[in-house]
Each structure stands twice: as structure tokens, then as C-alpha cells.
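Single-structure report; data block below.
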Amino acid sequence: MYKTISFLCGMMLTWQSIFAVETTVMTQGFEDTDFFRKLSTNGYTMTSSAGGTWGVFGSDKAVNISDEQAATGKYSLKITRMVKSQTNAIGGIRPALSAENSISLEIWIYRPDHSDFSIALGGIGQATGKTVNVAALVTGENGKLMIRNATDTGWQRTNMSMPVELWTPVFIIIDQAVKNITFKIELSGKIEIIGIRELTGQTAAIDRLLLGAAPCPPGSSVYFDEIKITAITK
């Protein structure tokens, strides 16, 4: 009996070390239009909700909720490239994720022809207390996907392109165990690896997601929907 109990306890410890615990820390489909249409006196909203803390929804309508496109439901987040400057939508993760957490981001994107997008996961550097970008994915050069970590001096070009006129899921996975960042995309029902970068720079507690329209003709728009951020602990 003692050997049996010891064996079972050993198996339980093994299972606990193998299987990770996944916790959804943000899920957002932009269907709560009342929340996103609330503007403060200066034209922005940073009010907490179950889907995180969101801004910047300015009065210039560079960032707004639209019923023109949706991956599911009726609405999505629309970002339009402005003439003089770019406004990003900011999804705040509250509280910030532990710097020891591995993280998975899934986000659906609709890219009209001649439009480009940018995505970045950022955090608070543990050494300096300042904000840093940890991982970023953008399109440019006719939809070519490019990736970047915290210390890359320039965008790392890949051999993959983002489809146009099609809702497409992309993924950013930060794996603390192997210290790398894997960028993925789902094409024709199959998940493909865009590229892998080392997890470099100072250790950071992830606390924000930045979404934007990358350099493209003014007036060009991109759409984001079905955002899910998962913290993974072992």
C-alpha cells in the first residue's frame, strides 16, 4: 500500500510539473459599444472593464468601434491612419503580468488592400521601471510580415505575407522556459510559424497591448477583433 501511495504521489508531482496552468487575463470582442463610446472631456476613455483597460479613443475618430467588419459578432476595433500622426489603441493589462509568466496573445486582423497594421506587447522593465516594448509584429512592403524583439535594431523581414480582405488570426507566444518569442499565423486552417526571436532585453512585466495602422496611405484602416491574452504558469 505504501509503495502504491508513493507511486501515485510521484505521478501527481510529475503531472503538475508537466502540465501548465493557463489563465485568461484579457478577452475582448468589442461588442460593448456603450463602454467604448464613452468619451471623457479630453476625448479619451481609460475606464476599466472586464476586458482590460482601454484607450485611446479620441475625438478625431482615428480609433473607434465599427460595424463595417467583424470576425464574430457585429463590431470590431477600427484604426485609421491619420495624415500627420498615428494614434494607437492601447489595451492595458491590470494588474501587470508577472515577469515570470509565459504569455500567449491571439488576435484576429482584417487588412484591406494597401493597409498595414502594427501590434506590440509592452511592459515595465524590472531594472529601470520604464516602459519597454517586448515583442512586435507589423506588415509593410505590400503586406510582408516583419517581427522584432526588445533589442533588435531594425525589423526582421520574413518570407510570409498577410492576406488582404480576410479575417486572419495571428499569435505571439512569449516562452519564459526557453527565452524566445514565437510569431504565428493561421492560413487556410493551418497554423504556420512566421518567425522566432530571442526574448532579449531587461525582464519586463507585461502590462499593455498596442495596436495601430502601420505606415500606409492616410485614410487607410485596419480592423482588430477577438483578442485573447493568456498567462501560462507551470
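The values are calculated or read from the model by the stated rules, or taken from the named source; none is laboratory data. What you are looking at is a predicted structure, and each value in this text was computed from that prediction instead of being measured. Glycine gets a Cβ as well: all are built from the backbone with ideal geometry, and neighbour counts include every protein chain shown.
Listing for the model above:
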{"item": "Positions within region 134-177 being closer than 12 Å to Arg197 by Cβ, in contact (Cβ under 8 Å) with a residue 40 or more places away in the chain and within 16 Å of the chain's Cα centre (by Cα), in sequence order", "result": "Val134, Ala135, Leu137, Ile147, Arg148, Asn149, Ala150, Ile172, Ile173, Ile174, Asp175"}
{"item": "Unique match (being touching a Phe, Trp or Tyr at 6+ places or on another chain (Cβ under 7 Å) and hydroxyl-bearing (Ser, Thr, Tyr)) among Thr151, Thr139, Thr131", "result": "Thr139"}
{"item": "Odd one out for Ile227, checked against (1) in a strand (DSSP E or B); (2) surrounded by fewer than 17 Cβ atoms within 10 Å (Cβ to Cβ)", "result": "(2)"}
{"item": "All positions within region 154-167 that are of a type outside the set (D, E, K, R) and in a strand (DSSP E or B)", "result": "Gln156, Thr158, Asn159, Met160, Ser161, Trp167"}
{"item": "In region 71-95, residue farthest from Gly55 (Cα to Cα) [restricted to those that are under 15 Å from the mean Cα position of the chain (by Cα) and modelled with pLDDT under 90]", "result": "Arg94"}
{"item": "Selection within region 194-221 - assigned to a strand (DSSP E or B) and more than 17 Å from the chain's Cα centre (by Cα)", "result": "Glu198, Ser221"}
{"item": "Scan of region 70-96 for residues that are over 17 Å from Thr27 (Cα atoms), part of a loop (DSSP other than H, G, I, E, B) and touching a strand residue (DSSP E or B) at 6+ places or on another chain (Cβ under 8 Å), ordered by number", "result": "Arg81, Gln86, Thr87, Asn88"}
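Here is a yes/no grid of residues against (1) part of a strand (DSSP E or B); (2) of a type in the set (A, V, I, L, M); (3) surrounded by fewer than 19 Cβ atoms within 10 Å (Cβ to Cβ):
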site	(1), (2), (3)
Ser98	no, no, yes
His114	no, no, yes
Ala127	no, yes, yes
Ala135	yes, yes, no
Thr139	yes, no, no
Asn142	no, no, yes
Met146	yes, yes, no
Asp152	no, no, yes
Glu192	yes, no, yes
